[in-house]
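S.K.: Right, I'll just put the structure down here and ask away after.
The values are calculated or read from the model by the stated rules, or taken from the named source; none is laboratory data. Because the structure is predicted, anything quoted here is derived from the model rather than measured. Every residue, glycine as well, gets a Cβ built from its backbone with ideal geometry; the counts of neighbours run over all protein chains shown.
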Amino acid sequence: MGKIKLKPKARKGVIGIKALIKHPMETGLRKKKGKIVPANYIVNILVSHNGNMVVDADIGSSVSKDPYFKFNVAGAKGDTIELKYKDNKGKTGSATAKSK
Amino acid sequence: MKRRLFLKSAMASSAVATVAAAGLLTPSMVFANSAGFKAKSDAAGASSASAGKGSFKFKAPKIAENGAVVPMTVDASKMNDVTNISFYVVNNSTPLAASFNLSGAAVGYVSTRIKMGKTSPVEALVTAGGVMTKVSQEVKVTIGGCGG
């Protein structure tokens with residue numbers, strides 16, 4: 001668990017950041033063979049651009065499995081984008097990529 | 001430090017479990033979300049009622065064939081000073097799907113995919129310069145491919 005694909009791409013002064021996080025995103029409401037599948041979802045993601053925070057998102061359990069996000073940030077080619085996430089079990093993950 | 005946090009959260013969750021056993025909380029409250037997020041969700045619901053109509057673009061499918069993956073996009077890049085973009089699914093058990101706080105160089109644009117239990121209006125809330133505005137759209141969820 002915890003694989004992140006992070007693809008920032010600069011175009012006309014704006015970096016489009018595409019992020020795909022591998023995560024089960026269980027709501028805790030779904031049942032499997034009569035037993036409730038324990039909740040396991042991302043609660044918070046942080047995106048920074050050259051060390052400055054640009055997006056601080058609170059994520060609920062109703063975001064899809066293997067969540068996909070796209071953000072736009074003003075910037076240029078070569079800028080560093082970092083993404084961090086935290087789930088409700090306290091697990092964290094991060095990825096860093098240079099903008100293309 | 002980490003161990004302390006872990007212990008704390010373990011204690012907190014066991015406390016919740018005992019309360020649930022006592023029948024004070026409904027299951028959805030226990031399992032759906034943390035208290036903080038629930039409060040936020042309620043707040044978003046309350047403020048969405050009074051929000052005016054926004055002048056941003058909200059893209060969501062009219063008919064979603066698969067409720068587990070509903071793509072939606074908010075494009076408020078023409079608005080200045082966008083601080084928050086939220087997605088609110090009225091008929092979900094946890095209505096607030098996600099709330100994105102934008103700052104610094106971020107442009108008012110967010111695209112993501114959310115889960116929907118059933119057909120429901122979806123509201124996109126954008127806070128720009130301290131004023132919240134919304135655009136709402138009905139998304140039909142058809143399971144089995146037969147629209148209804």
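S.K.: Starting from the range A:41-62, take each residue that is within 7 Å of chain B (Cβ to nearest Cβ) and outside any strand (DSSP E or B) and list its partners that are surrounded by 19 or more Cβ atoms within 10 Å (Cβ to Cβ) and basic (Lys, Arg), counting only C-beta distances under 6 angstrom and pairs at least six apart or across chains.
M.R.: A:SER62/B:LYS115
S.K.: Okay, moving on. Tell me whether the range B:117-125 contains one or more residues that are closer than 26 Å to A:SER48 by Cβ, among the charged types (D, E, K, R) and free of Cβ contacts under 8 Å to residues at least 60 places away in the same chain.
M.R.: The answer is no; no qualifying residue exists.
S.K.: I've got another one for you. What number of residues within the range B:65-81 are within 11 Å of chain A (Cβ to nearest Cβ) and either out of contact with any Lys or Arg (no Cβ under 6 Å at 6 or more places or on another chain) or of a type in the set (A, V, I, L, M) (or both)?
M.R.: 9
S.K.: Which of the following residues is at positive phi and out of contact with any Pro (no Cβ under 7 Å at 6 or more places or on another chain): B:GLY104, B:GLY117?
M.R.: So the residue among B:GLY104, B:GLY117 that is at positive phi and out of contact with any Pro (no Cβ under 7 Å at 6 or more places or on another chain) is B:GLY104.
S.K.: In the range A:1-40, what count of residues is obtained for those that are free of Cβ contacts under 8 Å to residues at least 12 places away in the same chain, assigned to a loop (DSSP other than H, G, I, E, B) and closer than 16 Å to A:ASP79 by Cα?
M.R.: Counting residues in the range A:1-40 that are free of Cβ contacts under 8 Å to residues at least 12 places away in the same chain, assigned to a loop (DSSP other than H, G, I, E, B) and closer than 16 Å to A:ASP79 by Cα gives 1.
S.K.: Do you know which of the residues in the range B:107-134 that are within 28 Å of A:ILE81 (Cβ to Cβ) and of a type in the set (Lys, Arg) is surrounded by the fewest Cβ atoms within 10 Å (Cβ to Cβ)?
M.R.: B:ARG113
S.K.: Of the numbered conditions (1) closer than 26 Å to B:SER86 by Cβ; (2) at pLDDT below 80, A:ILE4 satisfies every one except a single condition; which is it?
M.R.: (2)
S.K.: Could you tell me which residue of the range B:82-106 is farthest from A:ASP79 (Cα to Cα), considering only residues that are facing chain A (nearest Cβ under 7 Å), surrounded by 21 or more Cβ atoms within 10 Å (Cβ to Cβ) and in contact with a strand residue (DSSP E or B) (Cβ under 6 Å, 6 or more places away or on another chain)?
M.R.: Within the range B:82-106, the match that is farthest from A:ASP79 (Cα to Cα) is B:VAL89.
S.K.: Out of (1) away from chain B (no Cβ under 11 Å); (2) closer than 22 Å to B:ALA68 by Cα; (3) basic (Lys, Arg); (4) in contact with an Asp or Glu (Cβ under 9 Å, 6 or more places away or on another chain), the odd one out for A:LYS86 is which?
M.R.: Condition (4) is where A:LYS86 drops out.
S.K.: Among the residues of the range A:24-35 satisfying the criterion of being modelled with pLDDT of 75 or more and either facing chain B (nearest Cβ under 7 Å) or touching a Ser or Thr at 6+ places or on another chain (Cβ under 7 Å) (or both), which is nearest to B:VAL89 (Cα to Cα)?
M.R.: A:THR27
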